Amino acid sequence: MKRAIRIAIVGAGNVGTFVAKDLRSKGHDVVLIEQNADTIALLANELDVSWIKGDACEISTLDEAVLSSCDVTVAATGDDEDNLVVSLLAKQEFAVPRVVARVNHPDNEWLFTETWGVDVAVSTPHLLTSLVEEAVSVGDLVRLLRLEHGKVALLEVTLAEGSPAAGKTVSDLKLPSDCTLVAIVRESHVIAPTVETPLHVGDEVMALAAPEAEAELKRALTGD
């Protein structure tokens, strides 16, 4: 049976309340921190969570939420500065194992790193761009998601005509270190690749790679 985890969410806007409701439906223990009393009064009967009224940028509010007992903190306000401060406090003052932060303005994404206590930064504009590229690009390596403070990325490419990987097996590719193929989508079927799996034109190939391995991975799959 999956263990319920304790999650603190900061900000009861559309993003914060949706995430809170979704996590509660999965059986997790959620505490929602919001400084607007009217917002809490409006939503308290709709959301079965623990409510804390206060400014999450203040340690006293996070103390009241018992942040030190949380497995995850989600900084989901509409203000990037607040989300950075919350992330830093959660990590440094309360040692929260995993901190997820919302990036509101794409130009600020570079700030959302482990220096500010952020484990995972979610930038909706950049995510939408990646998904659009993934849907329409053939033969281009697309970065879908950054993991582990940006030290690893989930990458995708649809093999085009002329790809040096087409007709080869996974073992033939001689992929760089710090890189692995994690899935191949072929005709709507998901294939878990082995060293003997052949690659075909039209295959959607997904890989995990460190930044220094991306260029060599791109050459192996696209020839560029």
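The values are calculated or read from the model by the stated rules, or taken from the named source; none is laboratory data. This structure is a prediction, so every number in the text was calculated from the model and none was measured. Positions of Cβ are generated from backbone atoms using ideal geometry, with glycine treated the same way; all protein chains shown enter the neighbour counts.
Which one is farthest from residue 152 (Cα to Cα), of the residues in segment 164-223 that are basic (Lys, Arg) and within 27 Å of the chain's Cα centre (by Cα)? Looking at residues that are basic (Lys, Arg) and within 27 Å of the chain's Cα centre (by Cα), I get 186. Number of residues in segment 85-105 that are small (Gly, Ala, Ser), surrounded by fewer than 23 Cβ atoms within 10 Å (Cβ to Cβ) and at pLDDT below 95 equals 0.
For segment 2-10, state whether one or more residues are assigned to a loop (DSSP other than H, G, I, E, B), of a type in the set (Lys, Arg) and touching a Gly at 6+ places or on another chain (Cβ under 9 Å). For segment 2-10, residues assigned to a loop (DSSP other than H, G, I, E, B), of a type in the set (Lys, Arg) and touching a Gly at 6+ places or on another chain (Cβ under 9 Å): present. Against the test of being surrounded by fewer than 19 Cβ atoms within 10 Å (Cβ to Cβ) and of a type outside the set (Gly, Ala, Ser), the options 52, 40, 33 yield a single qualifying residue, 40. Does any residue of segment 65-73 turn out to be within 18 Å of the chain's Cα centre (by Cα), in the same structural domain as residue 113 (by TED's automatic domain parsing) and of a type outside the set (D, E, K, R)? Within segment 65-73, one or more residues are within 18 Å of the chain's Cα centre (by Cα), in the same structural domain as residue 113 (by TED's automatic domain parsing) and of a type outside the set (D, E, K, R). Here residue 82 fulfils each of the conditions (1) at pLDDT 95 or above; (2) charged (D, E, K, R); (3) under 19 Å from residue 17 (Cβ atoms); (4) touching a helix residue (DSSP H, G or I) at 6+ places or on another chain (Cβ under 7 Å) apart from (4).
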